[in-house]
Amino acid sequence: MSQQILENLSNFLPETVLTATLCVAILLNLIFRKNPKLIAYVALAGVLLSGYLVTKQIGMSQLLFSGMVAVDPFAVFFKLLISLASLLIMLFSVFSSEVLATVKRMGEYFALLVALTLGMFLMVGATNLLMMVLAMELASLSSYVLAGYTKEAPDSSEASLKYIIYGALSSGLMLYGVSIIFGLTGATDVFGVNKALAAGQTSYIALLIATILIIAGFGYKISAVPFHFWTPDVYEGAPVTITAFLSVASKAAGFAMMIRFFYMTFTVAGTMPEGMWMMLQGFEWNKIIAILSVLTMTLGNLVAVWQDNMKRLLAYSSIAHAGYMLMGVVVLSDKGLAAVLIYFVVYLFMNLGAFYVVMLVANKTGSEDINSYKGLGYRAPLVGVAMVIFFISLTGLPPTAGFIGKLFLFAALLDARWIWLAIVGALNSVVSLYYYVRVIRNMFLRDPEGDSSPIQFSKAQVALLLVLLVPTLLFGLYYAPIVEFANASVLMFRPQ
């Protein structure tokens with residue numbers, strides 16, 4: 001037993017490093033309260049080291065701790081994505097006036113970021129229903145506190161409270177769904193549930209109810225309609241850095257956990273050609289996902305049209321993008337799953353880039369309103385052009401990375417003959433162009449209100465902007481590496 005535990009721990013090093021980093025950060029915060037930047041360096045080093053250890057897991061495929069967690073190409077892909085997002089957010093925080101204004105509590109802020117990263121690492125590898133719930137709760141509890149980090153802001157506490165209420169409700173619904181699944185199958189690990197469902201002795205109605213309840217938990221995490229109500233208020237009230245982190249990393253972890261649950265629970269391996277998945281007992285759960293996809297992208301885009309606050313606009317944009325990514329899950333194939341993974345890579349750069357520009361502008365102007373962007377293209381040309389490129393990419397137009405992301409999604413849909421869903425997605429992309437163009441118009445076709453002097457940014461801020469801008473353009477022209485990596489990462493551990 002001890003030998004098995006040690007072997008499991010040796011393959012659990014990224015999570016172990018994050019756990020140790022969290023403990024050290026909390027301890028140092030108690031000892032060196034007057035030097036909170038020390039905790040920031042420790043957190044950054046811990047996430048860097050864990051990301052490096054994740055690269056050592058490339059090619060592995062095995063279960064750990066009696067089937068609680070899987071280390072496979074699929075989990076490794078999302079861990080690398082979350083590590084990169086976490087590192088970028090920590091760098092964002094160095095330039096955030098919201099974080100720097102509360103320098104005395106900066107140690108707690110970075111410790112909570114590490115805890116959130118750890119929770120998401122566990123989410124992407126969880127293969128047991130109870131482990132999924134526990135991992136999601138670890139990530140959620142950390143994000144509740146971070147959402148209300150800027151207590152001085154009038155809407156910060158409201159954002160945190162709404163987040164907790166919706167989170168508690170969705171967690172309760174998900175747990176109830178898990179309990180029904182356990183009652184039907186007598187198992188909590190996804191492989192055991194799959195075997196029980198394959199035997200064909202479960203109630204279809206009870207299974208449908210349990211699935212809908214579990215989708216409520218996943219839907220809350222990925223901001224899918226109708227579980228999205230917390231998103232605009234939390235995104236507006238939280239610091240820009242946390243808003244950006246939740247919009248990318250939290251969504252990625254939620255998608256990874258949802259995809260693994262449905263793929264491992266409701267499909268049969270090796271029964272269909274060309275990487276297609278076959279559903280157990282003809283249980284067409286993908287039709288539920290298709291309805292969620294249409295509702296999510298349509299509501300997200302239509303409501304975004306009326307937003308004047310940039311964080312709320314990007315919040316509804318983020319909801320719409322969750323709808324696009326759900327289209328890849330509907331396809332029921334490795335091709336559709338690879339399209340989702342490709343989309344997440346490009347989404348990381350273009351969405352974090354847009355939020356980073358919002359943060360830089362808010363630091364200088366003190367406003368997140370769309371009117372504060374009037375004349376920005378002339379006051380800060382590089383930042384203005386960068387925002388245009390990020391918005392073009394979010395719309396899905398060439399030659400940006402966003403076009404490649406949507407190209408593979410729509411190709412997977414057409415290949416699987418989901419023509420109507422592809423048409424809905426294309427129409428939604430047209431709608432999204434309208435509210436992005438509103439911001440671009442203000443930046444380049446409107447005169448600045450009040451102060452019209454040039455806005456200067458430090459070399460470090462510009463360098464970080466380029467780190468996000470260059471891949472957004474580069475992957476639009478040369479995308480072979482991320483396509484190959486995504487195709488190799490669709491493999492999930494499944495017992496023989």
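The values are calculated or read from the model by the stated rules, or taken from the named source; none is laboratory data. It should be emphasised that the depicted structure is a prediction, and the values quoted were computed from it without experimental measurement. Note that each Cβ is placed from the backbone with ideal geometry, even for glycine, and that neighbours are counted across all protein chains shown.
Could you say whether any residue in region 398-408 is surrounded by fewer than 18 Cβ atoms within 10 Å (Cβ to Cβ) and of a type in the set (D, E, K, R)?
no
Here is a yes/no grid of residues against (1) under 15 Å from the mean Cα position of the chain (by Cα); (2) of a type in the set (Val, Ile, Thr); (3) at pLDDT 90 or above:
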site: LEU141; (1), (2), (3): no, no, yes
site: THR150; (1), (2), (3): no, yes, no
site: PRO154; (1), (2), (3): no, no, no
site: LEU173; (1), (2), (3): no, no, yes
site: VAL178; (1), (2), (3): no, yes, yes
site: TRP230; (1), (2), (3): no, no, no
site: TYR235; (1), (2), (3): yes, no, no
site: ALA253; (1), (2), (3): yes, no, yes
site: MET257; (1), (2), (3): yes, no, yes
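Output the number of the condition that GLY450 fails; it satisfies all remaining conditions of (1) at positive phi; (2) touching a Gly at 6+ places or on another chain (Cβ under 6 Å).
For GLY450, the failing item is (2).
Filter region 366-397 down to the residues that are hydroxyl-bearing (Ser, Thr, Tyr) and surrounded by 22 or more Cβ atoms within 10 Å (Cβ to Cβ) and list them by number.
Hits for region 366-397 are TYR373, SER393, THR395.
Given the condition at pLDDT below 90, touching a Ser or Thr at 6+ places or on another chain (Cβ under 7 Å), in a helix (DSSP H, G or I) and buried (at least 22 other Cβ atoms within 10 Å of the Cβ), answer yes or no: does some residue in region 113-133 qualify?
Checked region 113-133: no residue is at pLDDT below 90, touching a Ser or Thr at 6+ places or on another chain (Cβ under 7 Å), in a helix (DSSP H, G or I) and buried (at least 22 other Cβ atoms within 10 Å of the Cβ).
Which ones in region 29-59 are surrounded by 14 or more Cβ atoms within 10 Å (Cβ to Cβ), among the aliphatic types (A, V, I, L, M) and at pLDDT 90 or above?
VAL42, ALA43, LEU44, VAL47, LEU48, LEU49, LEU53, VAL54
With the structure loaded, tell me whether LYS151 is over 30 Å from MET264 (Cβ atoms), assigned to a helix (DSSP H, G or I) and not aromatic (Phe, Trp, Tyr) or whether it fails that test.
It is false that LYS151 is over 30 Å from MET264 (Cβ atoms), assigned to a helix (DSSP H, G or I) and not aromatic (Phe, Trp, Tyr).
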